[in-house]
Amino acid sequence: TVAKALEYCEADDGVAKVAKMLGKTADQEYFYNRSRSYKKYWDPKTRFLRAISTDGTFREPFNPFFAEHRTNDYTEGNAWQYTWQVQHDVNGLIKLFGGQKPFLKKLDQFFSLKLDSTLSDVTGLIGQYAHGNEPSHHVAYLYAMAGRPSRTQELIREIFDTQYRPTVNGLCGNDDCGQMSAWYMLSAMGFYPVNPVSGQYVFGAPQMEKITLRLVDGKTFTVKAEGL
């Protein structure tokens with residue numbers, strides 16, 4: 001299935017990074033290559049990551065809007081939401097699309113196409129984007145990584161304004177292991193770890209005029225949003 005394959009690809013990328021730090025070159029190469037196996041699921045005709053049958057062909061029938069809870073190829077989501085689940089190799093995914101322009105076009109469709117969902121785990125919708133479930137959480141930041149940071153900033157503010165409210169039902173989805181809250185806190189500070197094992201953060205849109213982080217070495221890291 002696509003969901004399981006992509007989860008393992010991201011994990012393998014993390015293992016490859018650890019192997020590199022340990023100087024285990026063979027292990028690094030093995031896990032790095034396996035982390036890029038998500039490309040086998042790419043269908044250039046539909047431009048989605050699709051499940052593969054036992055005979056090596058893409059599984060049919062295929063409907064990119066179709067979603068079931070845990071009985072299809074996209075756990076708690078659909079092909080639209082899972083095609084972006086390549087946090088560890090965003091540049092590689094952009095190349096599969098044929099460059100930044102078609103990649104950005106697909107993102108525009110993703111955030112504009114309506115989804116009439118009856119699934120409890122597909123909530124907080126902005127087009128096909130489902131902020132109520134974790135596989136979508138990094139997608140708004142992909143605009144910044146593909147050369148259009150202004151759209152990332154617009155979407156971050158929209159998500160803050162529409163998906164979080166100070167009420168009993170203030171979260172648009174299940175706060176699994178605190179992820180809904182973690183997205184809020186990191187994005188409020190103005191950056192987000194699209195690939196959580198990379199040690200890199202992508203700029204977004206700060207939601208507070210000033211925030212200061214106390215670092216472990218006694219230093220501080222301050223973000224100022226002038227004119228917020």
Top mean-square fluctuation among His88, His69, His131, Gaussian network model of the chain, C-alpha springs under 10 Å? His69
By how many nm would the segment from Ser198 to Glu158 lengthen if fully extended, with 0.36 nm per residue of separation less the alpha-carbon distance? 11.7 nm
Two-decimal Rg/Rh of segment 4-70 from alpha-carbon positions, Kirkwood Rh? 1.11
For a protection proxy built on the mean count of beta-carbon atoms within 10 angstrom, sort 176-182, 216-222, 30-36 highest first, please. 30-36, 176-182, 216-222
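Taking GluC sites (Glu not before Pro) as exposed when DSSP calls them loop (any state but H, G, I, E, B) and at most 15 other Cβ atoms lie within 10 Å, what is the longest stretch of the chain free of them, the sites themselves excluded?
69-208
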Would you mind checking Lys24/Lys106; Lys20/Lys210; Lys17/Lys95; Lys105/Lys224; Lys20/Lys101; Lys20/Lys95 for any pair whose Cα atoms are more than 27 angstrom apart? Lys24/Lys106; Lys20/Lys210; Lys105/Lys224; Lys20/Lys101
Inter-site label distance for Thr25 and Asp175 at 7 Å from Cα along Cβ, in nm: 4.9 nm
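Measure off, as a whole percent, the carbon and sulfur share of the 1.4 Å-probe accessible area of the chain, all protein chains present.
Carbon and sulfur: 53 percent of the exposed surface of the chain.
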Quick one: how many Å² of Phe66 are accessible to a 1.4 Å probe, rounded to 10? 90 Å²
Sort Met21, Met189 from largest to smallest accessible area, using a 1.4 Å probe on the heavy atoms of the protein chains. Met21, Met189
Among Leu215, Leu186, Leu228, what's the order by accessible area (1.4 angstrom probe), most exposed first? Leu228, Leu215, Leu186
Just the number please: accessible area per residue for segment 82-206, 1.4 Å probe, all protein chains included, in Å². 45 Å²
Options (i) 56, 49, 34; (ii) 61, 46, 30; (iii) 71, 35, 31 are given for Cα extents along the principal axes in Å, and the computed one is (i)
In segment 66-116, which trypsin sites (Lys or Arg not before Pro) are in a loop and have at most 13 other Cβ atoms within 10 Å, using DSSP for the loop call? Arg70, Lys114
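The values are calculated or read from the model by the stated rules, or taken from the named source; none is laboratory data. The structure presented is a predicted model; accordingly, all values stated were derived computationally and were not measured. Using ideal geometry, Cβ is built from the backbone for each residue, glycine included, and neighbour counts are taken over all protein chains shown. Surface accessibility is based on the protein's heavy atoms, side chains included, excluding ligands, DNA and RNA. Shrake-Rupley method; radii C 1.70, N 1.55, O 1.52, S 1.80 Å.
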